[in-house]
Structures are given as C-alpha cells and as structure tokens.
Amino acid sequence: MLSPGLVLTVIIALMAGVAAAVVRWKRVVSPTGRMGLWLFLIFAIVSSLPLVAPSRVANAIGARMPYSIYFGLRDYLANRHEILTERHAFDGIPAVAPADAPDVIVVLGESLRADHLPMNGYERNTMPNISNDTSVISFPNIKGHAFYTHTAVPLILTRARGRDFECAYEEPSFITLFNKAGFNTAWFANQDLGSSYAYFAHEADTLAYTNASRSLYVYSDWLDTDLLQPIGEWLSGNIRQVGASMAVIHTIGSHWWYKSHYTGDDARFLPDTHSKDIGSLTNEQIINAYDNTIIATDRFLAALFSMLRSRNSVVVFISDHGEALGEDGLYLHGVDHESIHHPACLVWTSPEFGRRYPHKVEAMEASRLKDATTDVIFHTVLDAGGISTPIFDSSLSLMHNEADSMD
C-alpha cells in the first residue's frame, strides 16, 4: 500500500502546497461573495469527477497522484474484505499426498495465445529454448471461458465448471487442498492482486511480490525473470523441509504494453512497437512485439525448468486467456472475441517425475490434442501432486488415461 516513492511524493507535494498557500493568502486577492463560492464548487466538482468516472477512465486516472491514494486505499480495503471472507467448502474434506509426492508449480500466464507457440504449429519459433524439450507437452485445444484476468483466474484455480461464477467466488482454490496434504505452498506475484483472486493468494503459506509498485500504466521494464530469484530462494529453503512444495506463479507475460515485458535480447522480431497508441501502429509491429513477449516467456520458463530439473517436479502452465491481434479490428482483451478464448497450455515434467509416474506422462501424450476447457486445470494440478481427496475428478484430469478406467 505504501512505498518510499509515495511517501516522498506526499512530503514534496505537502511542502509545495504549504508554499503555494502562503503565497496565495499573502499576495493574491481572493474572489469574494458568490464568485468565490462558484469557483470553489466548480473546482470541487471537476476534481471529484474521476471518482465516479467509467472504469476505463478511472483506471487510467486512478494510477496517478493524488487519485492513486484514494483508489489504492479502496482496492486495498476491497482485497482485505475478500481475504477475510471465510470459505468453508473444503472444511472436513480430507486431502492426502503420497510419500513421494512431487513439487507442483502452476504458472499463470497472461494473454498468451495457443496458436502463437511453435509446438502448436506457429511458423515462428517463439519458444527457442523449450520448443524442442521432449519433457514439454503442449495442449493446443484448451478453451477458456473468460476474456479478462479477474474472471479467468478464479475459474482456473477453483473447481468451477463453465461459467459457474458463484463457485469460483465462494470456494477456496486447490491451494487449500495442498495445504491439507502437507505441502509447503507459495504464491509468487508479478501482478497486483485483484479482488477476485486475492483470497487464493492468501491461502498459501508464502506470498511474495516482485515489481509491487507497478501498474499497467507504468511502461518501464516489467519482467517475469525478476521472479526467478525469490522462487529460487524459496525452493532452496524447502529442500530442508519435510514434504513437497507447491506454488502458483502469476506472471505478467504478454500483457500490453508488450515492449515493457521483454529486453533488447528478446527483440527477435522487428520492427516492434514504438508507441503506446495502437492506432499509430501497424499490425506487423503489434504482432512482432507480442511474439517478442513469448520469447521472454520462453526464457523465463527455461530458467524455471532448469531450477526444477534435478527434483521430482512438474510445471503446469496455463494462460488466463488469449489476446486479439487484429481479428475483426480488435486488439488486446477485455472485449469478448473468439481469439481470446484459446489460451496456451503446456505441462513440463522432470526426468524423476517421468520415472516415477510414467503412466501420467503417457496419459498426457495421449490426450494432447483433446478438446477441453480450463475446467481441467484444477483436477490436473491435484493429479500432478497425487492428491487423494473426494474433490478430485479423474475424468477431468489431463493426466488421466481413459483407457485405464475402462480396464
């Protein structure tokens, strides 16, 4: 809620305000009577308009001083309300993990389309580090229900089916079940916690932010590789602890403004964007910049896999939604369009995971082209951790072999 920059800004603004007030009262003749009253009322009304403006306008203004103090406090209190709301759906429901349970990492991508991955037939190699990794299985036919993050994340992390929003906002996520099973749990955030999923982040034992002072209206470097250090420190600490580890990593991925999410080393496709005004850009520039963000995601995932390669571990990557890239004249997300409902989804397994659970790897390879929805993520993650609980539905897991069930 507070940062050194904010405190310094408030102090400087206060000093400037005092100085201005002194000058005003000593040297400026103030309007009197009705004129002064009208000027005050006009100033008060104009200054208050952003507080009741449409969300698109309020979001832009709310990220800037002095309105950021009001909107920041409002969002903080909204999050606290959600966090403190009790959700008892899993009370009394057992969850048990095997002694050889693996580390389970769930990476929430951002705005990454399935059809822009080379593993799914895209003509560009946007994932040069992991596209040839035989431990990576991509699922190109997963369909998402939502077209923006605040709705997508609750639907992915809970056992909500389809557009069952009530379940998504009334029940805990799979993190609670991993806690019950004895896992060390964590949430690593490279985005602000929205009120719709703040509760889930606080289910975890550990909550760590990177770039906490960022907003979507800050356009300097905002990279997912900044997450690697705290993740590495957490994994190293958990080596000495009893039980496996489970983490959710919420990345910034391919969110607009694309160019802030990759470095010059990842700018493989040029020309890319030179302006934040989409109307001034060509379709080629926008797609080039978007594809460069995937290069950056590839770099992040390759480094994450490297951290986990010597462990019994599995990584489930699912983007919250896709992105419109000029289809029917639409760009970005937030407005419903078919292009936004096809998020990228892939699973990586370590050699040790493959040795211990070959049937799960075989089941994923067999179901790679299966048509499914993001409803499968909740149960796939439980299956990955070997969690035994009445909540688990094996028919909704990508690691479940239907042929085995028939036998």
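The values are calculated or read from the model by the stated rules, or taken from the named source; none is laboratory data. Being a predicted model, the structure only gives us computed values, none of them experimental. Glycine gets a Cβ as well: all are built from the backbone with ideal geometry, and neighbour counts include every protein chain shown. These accessible areas exclude ligands, DNA and RNA; they are computed on the full protein's heavy atoms, side chains included. Shrake-Rupley method; radii C 1.70, N 1.55, O 1.52, S 1.80 Å.
Taking the criterion of being within 18 Å of Leu228 (Cα to Cα) and acidic (Asp, Glu), the residues of segment 247-300 that qualify are Asp265, Asp266, Asp298.
For segment 363-377, a residue qualifies if it is in contact with a Gly (Cβ under 8 Å, 6 or more places away or on another chain) and open to solvent by 20 Å² or more (accessible area, probe 1.4 Å), and exactly one does: Thr373.
For segment 311-320, state whether one or more residues are open to solvent by 10 Å² or more (accessible area, probe 1.4 Å) and on the phi < 0 side of the Ramachandran plot.
The answer is yes; a qualifying residue exists.
Set side by side, the residues Ala152, Ala146, Ala160, Ala204 differ, and just one is open to solvent by less than 20 Å² (accessible area, probe 1.4 Å), in contact with a helix residue (DSSP H, G or I) (Cβ under 7 Å, 6 or more places away or on another chain) and either assigned to a helix (DSSP H, G or I) or modelled with pLDDT of 95 or more (or both), which is Ala204. Would you confirm whether or not segment 355-362 contains a residue that is buried (at least 20 other Cβ atoms within 10 Å of the Cβ) and part of a helix (DSSP H, G or I)? Within segment 355-362, one or more residues are buried (at least 20 other Cβ atoms within 10 Å of the Cβ) and part of a helix (DSSP H, G or I). The condition of being farther than 18 Å from Val376 by Cβ, of a type in the set (Asp, Glu), out of contact with any helix residue (DSSP H, G or I) (no Cβ under 7 Å at 6 or more places or on another chain) and surrounded by fewer than 24 Cβ atoms within 10 Å (Cβ to Cβ) holds for only one of Glu166, Glu171, that being Glu166. Residues that are under 19 Å from the mean Cα position of the chain (by Cα) and in a loop (DSSP other than H, G, I, E, B) were ranked within segment 337-354; the one that is surrounded by the fewest Cβ atoms within 10 Å (Cβ to Cβ) is His342. Contact annotation: no residue pair with Cβ atoms under 7 Å, 6 or more positions apart or on different chains, pairs a residue in segment 6-19 that is assigned to a helix (DSSP H, G or I) with a partner that is open to solvent by 100 Å² or more (accessible area, probe 1.4 Å).
Annotation note: Cβ proximity below 9 Å between a residue of segment 364-375 that is touching a residue at least 12 places away in the same chain (Cβ under 8 Å) and farther than 15 Å from Asp320 by Cα and a residue that is surrounded by fewer than 14 Cβ atoms within 10 Å (Cβ to Cβ) and small (Gly, Ala, Ser) (sequence gap 6+ or interchain) occurs for Ala366/Ala403. Pairing each residue of segment 64-87 that is closer than 30 Å to Glu171 by Cβ with any residue that is polar (S, T, N, Q) and open to solvent by less than 80 Å² (accessible area, probe 1.4 Å), provided the two are 6+ apart or on different chains, yields C-beta distances under 8 Å for Asp75/Ser195; Ala78/Ser195; Asn79/Ser195; His81/Ser195; Glu82/Ser195; Glu82/Ser196.
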